[in-house]
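The values are calculated or read from the model by the stated rules, or taken from the named source; none is laboratory data. Computed from a predicted model, the values in this text were never measured in an experiment. Cβ placement follows ideal geometry from the backbone for every residue including glycine, while neighbour counts extend to all protein chains displayed.
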Ligand code: UT7
């Protein structure tokens, strides 16, 4: 195989130390461990404290990545940061991370695609790498969801957590790496999942603050319905397109928003839970970080050539499935 493909060649993660448990949430809003475990499947989530931001988590993960792979900051030629919680409107969080790490020979930017941010970003950087012009790409994916979560709203505050990941993406000419994607975006979801305040439509004002418009709002039931059918449709289509049977597939790596969504998608794909990466119980929905955080935790169990399908669904709506073969 002489065609160039893009492969994930290393992953690191940063998880804040503070664990916000269901018991603690039960003291903040009218909820319980039983409800959250039954309806969503989350036990605890990490929260970033101390006035730190998304770029701090990304920089920590990226620092570990560069050290582990003996990569000098000068060797990085492109940086893409997938996040919904940039440090600020601008400069892009990618720029801030470059400054913190001393990356000087690269260019880059941020990509916002809600919970599909990671797969959209992986496909984007893959195209750069496949062009043959980029040798070492730094892909950052993470969110400080606690910054946009309303801790007086019991319908959203149990769902989200903070985390960041950093991945090295490099060219390969073997039969591994990113093979295919099937992505979609519509505008349907903007009614059901959004953060409205602070943009050009509703710039920050006393009114936007008093209406709590700077927090994430969601019609959970509607989002749930679309998430199950859309995520399963693209994942099943990807299996058909590449004639991958449930036995052939090593792992499904789903976005971690709700254990019931993950179960429904796995069932439609004909998979048993042993083939599904699930860590939602420990971290909740860390938005752009969920899929790479799963990959990071499963590295000891992954083998070169393993067939993986990544699937995500999020605000927009945005959704999609990717097919890749693990590279190391
Ligand atoms: O990653 C981005 C995409 N997001 C998603 O994929 C999330 C999709 N949606 C979901 O995961 C689920 O819809 C939720 C977890 C958000 C909610 O679960 P649900 O089973 O759809 O609950 P619901 O919204 O239908 O609410 C059922 C009941 C309501 O009470 P009544 O009206 O039946 O009396 C809620 O008020 O549960 C109540 N409720 C709660 N009770 C205890 C809602 N939140 C809570 C809570 N604790 N935290």
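Which of the numbered conditions does residue 236 fail, given that it passes all the others? Conditions: (1) out of contact with any strand residue (DSSP E or B) (no Cβ under 7 Å at 6 or more places or on another chain); (2) closer than 13 Å to residue 310 by Cα; (3) assigned to a loop (DSSP other than H, G, I, E, B).
The one condition residue 236 does not meet is (3).
Out of all the residues in region 59-82, is one or more surrounded by fewer than 17 Cβ atoms within 10 Å (Cβ to Cβ), in a loop (DSSP other than H, G, I, E, B) and either within 16 Å of the ligand (Cβ to nearest atom) or on the phi > 0 side of the Ramachandran plot (or both)?
Yes; the residues of region 59-82 include at least one that is surrounded by fewer than 17 Cβ atoms within 10 Å (Cβ to Cβ), in a loop (DSSP other than H, G, I, E, B) and either within 16 Å of the ligand (Cβ to nearest atom) or on the phi > 0 side of the Ramachandran plot (or both).
Any idea how many residues of region 28-53 are more than 13 Å from the ligand (Cβ to nearest atom) and more than 13 Å from residue 284 (Cα to Cα)?
6
Of all residues in region 1-27, count the ones that are more than 20 Å from residue 286 (Cβ to Cβ) and at pLDDT 95 or above.
Total meeting the criteria: 8.
Determine if region 241-260 includes at least one residue that is on the phi < 0 side of the Ramachandran plot, in a helix (DSSP H, G or I), within 16 Å of the ligand (Cβ to nearest atom) and in the same structural domain as residue 216 (by TED's automatic domain parsing).
Checking region 241-260: at least one residue is on the phi < 0 side of the Ramachandran plot, in a helix (DSSP H, G or I), within 16 Å of the ligand (Cβ to nearest atom) and in the same structural domain as residue 216 (by TED's automatic domain parsing).
For the structure I just gave you, tell me whether residue 163 is within 16 Å of the ligand (Cβ to nearest atom) and either at pLDDT 95 or above or surrounded by 16 or more Cβ atoms within 10 Å (Cβ to Cβ) (or both).
Yes.
Please work out which residue is nearest to the chain's Cα centre (by Cα), limiting yourself to region 85-135 and to residues that are surrounded by fewer than 21 Cβ atoms within 10 Å (Cβ to Cβ) and assigned to a strand (DSSP E or B).
Across region 85-135, the extreme among qualifying residues is 109.
How many residues, within region 15-30, are in a loop (DSSP other than H, G, I, E, B) and out of contact with any helix residue (DSSP H, G or I) (no Cβ under 8 Å at 6 or more places or on another chain)?
Result for region 15-30: 3.
Any residue at all in region 262-276 that is within 27 Å of residue 175 (Cβ to Cβ), within 14 Å of the ligand (Cβ to nearest atom), assigned to a loop (DSSP other than H, G, I, E, B) and touching a helix residue (DSSP H, G or I) at 6+ places or on another chain (Cβ under 6 Å)?
no
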